[in-house]
1. Under the 0.36 nm per residue contour assumption, what length would be gained going from the current alpha-carbon distance of B:S537 and B:A333 to full extension?
2. Using just the Cα positions, wrap the stretch B:202-495 in a convex hull and report its mean projected area in square nanometres, one decimal place.
3. Where Lys and Arg each count +1 and Asp and Glu each count -1, what net charge lies around A:A110 among other residues with Cβ under 13 Å from its Cβ?
4. Hey, what angle do you get for helix B:128-145 against the long axis of chain B, alpha-carbon based, 0 to 90 degrees rounded to 10?
5. Hey, which aspartates and glutamates would be in cross-link range of B:K359, C-alpha to C-alpha under 14 Å, not counting anything within fewer than 8 residues on its own chain?
6. On average, how many beta carbons from a partner chain sit within 10 Å of the beta carbon of a residue in B:540-546?
7. Among B:L522, B:P473, B:H401, whose Cα sits farthest toward the positive end of the charge dipole of chain B (+1 at Cβ of Lys/Arg, -1 at Cβ of Asp/Glu, about the Cα centre)?
8. Which FRET efficiency, nearest 0.05, do B:H430 and B:S200 yield, Cβ-Cβ r, R0 35 Å?
Amino acid sequence: MTVFHFFNCAILTFGPHAVYYSATPLSEYDTIGTSAKAAAVYLGTALVKLVCLATFLKESENGNFDPYQELLKVLINFIDVAGLYFALTQLTHRNISQNHKFQAVGLGWAFADSVLHRLAPLWVGARGLEFTWEYVFQGLEANANLVLNLSLAALGSLMWLRKNKPRILIPIIYACAGVLATMPSITRSDGKYLFITTMW
Amino acid sequence: MAGRRRGRIGGGVEVLDSIYSVVALVFILVACVELGDAATAVDVYRLIQYDIAGVPYGSRLAGLNHHAGASFFAPGADLSRTVVMMPVRELNLTFLREYIISNQPLGGLLLLLPEKVGNRIVGKIKSKDDGLMRNILVELEQLLIHANIPYPVYFAFEDDKINAVLADVRRNDATGQPPMATTGGYKLLVSIPEPKRVSSPTITNIQGWLPGLKGDGDTNQLPTIAVVASYDTFGAAPALSVGSDSNGSGVVALLEIARLFSRLYSNPKTRGRYNLLFGLTSGGPYNYDGTLKWLRSFDQRLRESIEYAICLNSIGSWKNELWIHVSKPPENAYIKQVHESLSDVANELGVTIGIKHKKINISNPRVAWEHEQFSRLRITAVTLSELSAAPELLESTGGLHDTRDSLDEAAVYRTIRLVAESLAKHIYGHQGRNIQIFADNSSLAINPFYISAWLDLLSRAPRVAPFLSKTDPIISSLKKELSDHTVELHVQHETIDGMFSFYDSTRATLNVYQVASVAFDLLLLLALGAYLILLFSFLVLTTRGLDDLINLFRRPPSRKVKAA
């Protein structure tokens, strides 16, 4: 039952996004446009990141930890943050409250991320006869990623959209922002980015 | 106030979310350690499929797509949808024979031959086990060839990967769960086109001619001596039938004798007054059909000039006794002559030659020895062989057990010495004299490296005639070699006697997949459904409140209340 397995993994990967949309007040306020725009911004961000990685990053010959390369990777990951900023602040959204805006943007961002990174391997791999746990794990990763992106968007809206923030929280917020922005380069293997750069 | 409350609820959601993501990440990292096996691909060789006069034999199917099982006795197993994997040394032949003869259903059979070391299936008989394995293979082959099996049968060599799969399958069987679609396990898949009949199976006869010295006053045709060996094989797995002893040994002996006599005949001073005709015939297992067609192609003069013919069949693993098989009574003058000349040389070498007489029954189409085809055309011929009894149809034709290690090169050497010396004595008229023409360390010594090299080559080339095209590399090699040693080479292409038909698809790749059962997928679906419903309720609860959740389920009753 291989198409069955593909179907299962697809539900696991993309289901939570749909459930999140329908369960929360997002569906009542019809924020699908916002999510779609956020997905488009994510696409643009991903392309820009790829180009930068391909241009500036060198293949490490002997696998030693090169601090400059890692710094470069972290800087490029900040493009991610810039993209999120753009999606949150610069795009024109309909009149929706801040709460819902960041959720819609986070959801659109996470959905685009899942589709771009996980749909193709799922389609190609999960339909085969051989059974592996790989695609179930990928689905779980997509779930965690959704949560991560929502929290990133929340952080972003806290930083850039709210004007009146309690004084004490400001440094904490920015520290969390820094950690969250560099986390992708820690959790996701570096090999993935290197593979993408060699593809170019 | 409302903003702060919303902020607190939002903050609560975020804390929970981050904990959740950390937990999920840890879970993923821990579970990543154990991943499923990747698919394995193994080379497999199909059992031969052929008809004799329309009666089907062998395995009639090629495609395979079933679950793997390890024994015939698994409780509750549906054997018609299982492929049984069995190592040959653990096979119970009587049970298998009963199973096949009583036409019991089976999805497929995968027989595992002992590990291939180099090019050998069975090593030199060093232990009782090796001899036992050879006997098992012979018996198994005879069983499978003569049965009509309606499911695919494949042979594969044991190696680490397939042994691991077999161990796993055995473990699954032992837990009492038979392999079926609902319990997972291994799935064996061979995708191969359906076997088609080979349209015109060709046999190629190669003959080389060494003319003798015609004196000035000779107007008659010089007498001819023929040395013949059939080079093709037949076995249970045509892609593995290399037939080192039957009849690779005969072919190598013929080539070496041709080489020695071509050296003698190259100098007119040492050229004998006999023509020599070397024949490599095909179609041996099929009642020596090729030999018959070859002989029929001779013109009358040549046929009448043949004084006698020596056919070589399986001379590679004898110790002290060799047999001459004749169809004319041993008292016949010609036969006596041949026997005596061979016996003389045999005595010098310290071996014995026995003589066996088998009358030809013209009405019986079975031709057990090559010399019988000569005898039917009234040419004196004998077959020299280590076999003492006439083989049945498709018996002793090279097969799974007949590989390089079943040969004794010294036996081939002795045979060559025997035949060459006796031929030379006859040609040069040295009967009764103690002269060794092909002595060791002379320029005409028999070359053991030549023997070894050709035996190696033949042991790597499966030679089942219907699967040998006209331009097959082994045929080209034999042609070239014989043309090097003879003056005139002639090749004849014929089709095999219509009584035999063969089907292709002899080798394939087996893919082994580890599959999950349908039950697992259903379980996963249920789990996912529960998870999504939980997530939905959780999100509705936290973002819209408990009232909304309850309202989702209470709408119909409230409308009824309103109507009333």
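1. Between B:S537 and B:A333, full extension yields an extra 62.8 nm.
2. The directionally averaged projection comes out at 14.3 nm².
3. Net of charged neighbours comes to -3.
4. 80 degrees
5. The reachable aspartates and glutamates, counting only those whose Cα sits under 14 Å from B:K359, are B:E331, B:E370, B:E372.
6. Taking all residues of B:540-546 together, the mean is 3.
7. Of the candidates, B:L522 comes out farthest on the positive side.
8. After rounding to 0.05, the efficiency reads 0.15.
The values are calculated or read from the model by the stated rules, or taken from the named source; none is laboratory data. As the structure is a computational prediction, the values presented were derived from the model and not from experiment. When we count neighbours, we look across all protein chains shown, and the Cβ atoms used for this are built from the backbone with ideal geometry, even at glycine. To get the accessible areas, we keep the full protein, side chains included, count just its heavy atoms, and leave off ligands, DNA and RNA. Shrake-Rupley method; radii C 1.70, N 1.55, O 1.52, S 1.80 Å.
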